[in-house]
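Notes to accompany the following structure.
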Amino acid sequence: KGVLAGAQGWSEGRMRGGESDSANKVAEFLVGVHLVDLYLALSRDNANDALNALSPIITHTPNFLMLPQEAQFYKEAHRQIASGKNPRTFAIEAAQKEASLTKGMAEEGSSYLEFGKWAEAGRLSALARQSTFFQNDETRRFLDWLVRNAEEQDLPTEIVRDLEKIRDLLSEAEPPQFPYDALARRFTSILRYYQGESRSGSSF
């Protein structure tokens, strides 16, 4: 339930095309992933997990447009949590900053941040064997939109293949029983692809 609350901010926005280079897309996707991880870590008041989520957010955000107040918040939260402050005290402000950042990227014409949030919410829901995410209409609509616009958005073949398989798995399943292991493998494959792109710096 918490994963859903922290990750269902996506919309059928227009993903950036040629005007955004691949490094920006990869960075935005990964920040989206770690925003979900941060939400969960703060909710659990887990300092180690919060720091592990904040570090890549701080690393990747300079690669794309970001409001200064968001950048400062994540850096300051990392500093204070590392100094012993309870992570949960940042939960409300973190939710506000996430909403502001997500809105800002959508206004820039990008949905990669939302794609990252969606993918991580799906991965964690599959691993936890939670059906709510997969029964949600927004989940299905965003998935259909990604597949339908894959060529226009220059999504790599590997990602399209995983998205199509996720769609097939959900279409064939009888709620609330889903093939969680198979879904987790597909979502993990998407995450690993972008992690690999980030490490190599190669384009897609």
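The values are calculated or read from the model by the stated rules, or taken from the named source; none is laboratory data. All values derive from a computational prediction rather than experimental measurement. Reconstructed Cβ throughout: ideal geometry from the backbone, glycine too, with neighbour counts over all protein chains shown. Just the protein is used for accessible areas: all its heavy atoms, side chains included, with ligands, DNA and RNA removed. Shrake-Rupley method; radii C 1.70, N 1.55, O 1.52, S 1.80 Å.
The residue list Ala71, Ala23, Ala82 contains one member that is open to solvent by 20 Å² or more (accessible area, probe 1.4 Å), farther than 21 Å from Gln195 by Cα and modelled with pLDDT under 95, which is Ala71. Pairs are defined by a Cβ separation below 6 Å, a sequence spacing of at least 6 or placement on different chains, a first member in region 149-166 that is at negative phi, and a second member that is in a loop (DSSP other than H, G, I, E, B); the pairs so defined are Gln153/Met15; Pro156/Phe204; Val160/Ala150. Scanning region 155-199 for residues being under 17 Å from Ala128 (Cβ atoms) and of a type in the set (Lys, Arg) gives a total of 2. Checking the structure you have, find out if any residue of region 31-41 is modelled with pLDDT of 90 or more, out of contact with any His (no Cβ under 6 Å at 6 or more places or on another chain), assigned to a helix (DSSP H, G or I) and open to solvent by 50 Å² or more (accessible area, probe 1.4 Å). Looking for residues that are modelled with pLDDT of 90 or more, out of contact with any His (no Cβ under 6 Å at 6 or more places or on another chain), assigned to a helix (DSSP H, G or I) and open to solvent by 50 Å² or more (accessible area, probe 1.4 Å), one finds at least one in region 31-41, hence yes. Inspect region 124-134 for any residue being open to solvent by 20 Å² or more (accessible area, probe 1.4 Å), in a helix (DSSP H, G or I), within 18 Å of His34 (Cβ to Cβ) and not small (Gly, Ala, Ser) and give the result as yes or no. Yes, some residue in region 124-134 is open to solvent by 20 Å² or more (accessible area, probe 1.4 Å), in a helix (DSSP H, G or I), within 18 Å of His34 (Cβ to Cβ) and not small (Gly, Ala, Ser).
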